[in-house]
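The values are calculated or read from the model by the stated rules, or taken from the named source; none is laboratory data. If you're wondering where the values come from, they're calculated on a predicted model, not measured in any experiment. Here the Cβ positions follow ideal geometry from the backbone for every residue, glycine too, while neighbour counts run over all protein chains shown. For the accessible areas, the whole protein counts, side chains as well, though only heavy atoms, and no ligand, DNA or RNA atoms are used. Shrake-Rupley method; radii C 1.70, N 1.55, O 1.52, S 1.80 Å.
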Amino acid sequence: MSKNYLEAAVEIAQESGKILVEELSRPLDIRYKGDEVDLVTQADKRSEERIVARLTKYFPDHAVAAEEGTGKETSSEFRWHVDPLDGTTNFAHGYPCFCVSIALAQRDTLLAAVVFNPFYSELFTAARGEGAAFNGRRIHVSKVASLSTSLLCTGFPVRNRKASPNLQYYGDFTQRSHGVRRDGSAALDLACVAMGRFDAFWEFNLQKWDTAAGVLLVEEAGGRVSDFEGKPYQLGGPVVLATNGLIHEEMCLVAREISRRSA
């Protein structure tokens with residue numbers, strides 16, 4: 001059953017990806033959400049409209065939660081989590097680190113996930129119990145076993161960055177690892193943990209549509225996802241930590257140390 005969901009999600013993500021690539025070559029049409037740094041492009045809106053329309057056609061009873069607010073509520077236990085353009089700021093600057101992210105959950109259980117970067121035609125997929133894949137080939141998390149030899153990734157909020165607790169974590173983890181990257185697309189960051197490009201990713205205060213697809217990718221690729229206490233991550237929770245599993249406890253230990261020092 002989840003494979004049918006996954007096939008639909010792949011088809012829809014690729015359709016939306018074409019819209020993003022098409023919009024990338026056009027003059028930007030930008031509006032702002034709330035404050036001047038939180039932008040939305042015409043690409044976000046067109047991509048989301050296409051995704052919601054297709055999901056509604058294929059699964060009319062399912063709920064759809066989409067970032068730009070065009071989703072729909074139903075009484076169904078099935079809910080799609082949609083980010084039509086994760087990495088909007090990158091997109092607006094022509095930096096090709098952005099994607100479409102689509103995931104299906106049944107209550108609290110993630111069933112299917114797609115993350116698609118249309119610029120590079122990179123397609124990440126996962127179905128519960130069936131593993132994760134990159135462009136059709138099975139992927140696994142890395143085998144790096146120590147934080148000191150790991151390449152990490154994180155992200156920062158678009159607003160109130162100075163108030164973000166992540167600056168302290170960023171500094172500490174940078175000094176304790178091979179380095180920390182900040183690419184600006186949480187869904188792609190998680191996908192990169194799933195295929196071993198990064199050994200871990202953490203970030204604060206992400207929305208459900210930011211992480212739903214990436215979390216299933218990491219889990220199905222053999223990784224581990226939790227909060228900084230090591231407790232199971234709940235979508236929309238205050239902090240997400242996704243690793244290859246081998247450095248998870250060490251990451252949690254360092255995070256708790258930073259938290260105590262910052263308190």
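Evaluate the range 42-64: report whether one residue or more is under 21 Å from the mean Cα position of the chain (by Cα), assigned to a strand (DSSP E or B) and modelled with pLDDT of 80 or more.
Yes.
Inspect all residues belonging to the range 178-191 and state whether any of them is in contact with a Cys (Cβ under 6 Å, 6 or more places away or on another chain), within 21 Å of residue 111 (Cα to Cα), at pLDDT 95 or above and of a type in the set (D, E, K, R).
Yes, some residue in the range 178-191 is in contact with a Cys (Cβ under 6 Å, 6 or more places away or on another chain), within 21 Å of residue 111 (Cα to Cα), at pLDDT 95 or above and of a type in the set (D, E, K, R).
Residues of the range 8-35 being hydroxyl-bearing (Ser, Thr, Tyr) and modelled with pLDDT of 70 or more, which ones?
Step one: filter the range 8-35 for residues hydroxyl-bearing (Ser, Thr, Tyr), giving 16, 25, 32.
Residues satisfying the conditions are 16, 25.
Does any residue in the range 238-254 that is within 17 Å of residue 197 (Cβ to Cβ) come within less than 9 Å, Cβ to Cβ, of a residue that is part of a loop (DSSP other than H, G, I, E, B) and open to solvent by 80 Å² or more (accessible area, probe 1.4 Å) six or more places away or on a different chain, and which pairs are these?
If the second residue must be part of a loop (DSSP other than H, G, I, E, B) and open to solvent by 80 Å² or more (accessible area, probe 1.4 Å), the pairs left are 244/140; 244/143; 246/143.
Could you grab me the full set of residues in the range 224-246 that are closer than 19 Å to residue 107 by Cα and among the polar types (S, T, N, Q)?
Scanning the range 224-246 gives 226, 234.
Please state which of the following conditions residue 175 fails to meet, knowing it meets all the rest: (1) open to solvent by 80 Å² or more (accessible area, probe 1.4 Å); (2) closer than 14 Å to residue 101 by Cβ.
Residue 175 satisfies all of (1) open to solvent by 80 Å² or more (accessible area, probe 1.4 Å); (2) closer than 14 Å to residue 101 by Cβ except (2).
Among the numbered conditions (1) at pLDDT below 95; (2) open to solvent by 10 Å² or more (accessible area, probe 1.4 Å); (3) in contact with a Pro (Cβ under 9 Å, 6 or more places away or on another chain), tell me where residue 69 comes up short.
All conditions are met except number (3).
Can you name the residue in the range 237-263 that is closer than 19 Å to residue 155 by Cβ and open to solvent by 40 Å² or more (accessible area, probe 1.4 Å) and is also modelled with the lowest pLDDT among such residues?
262
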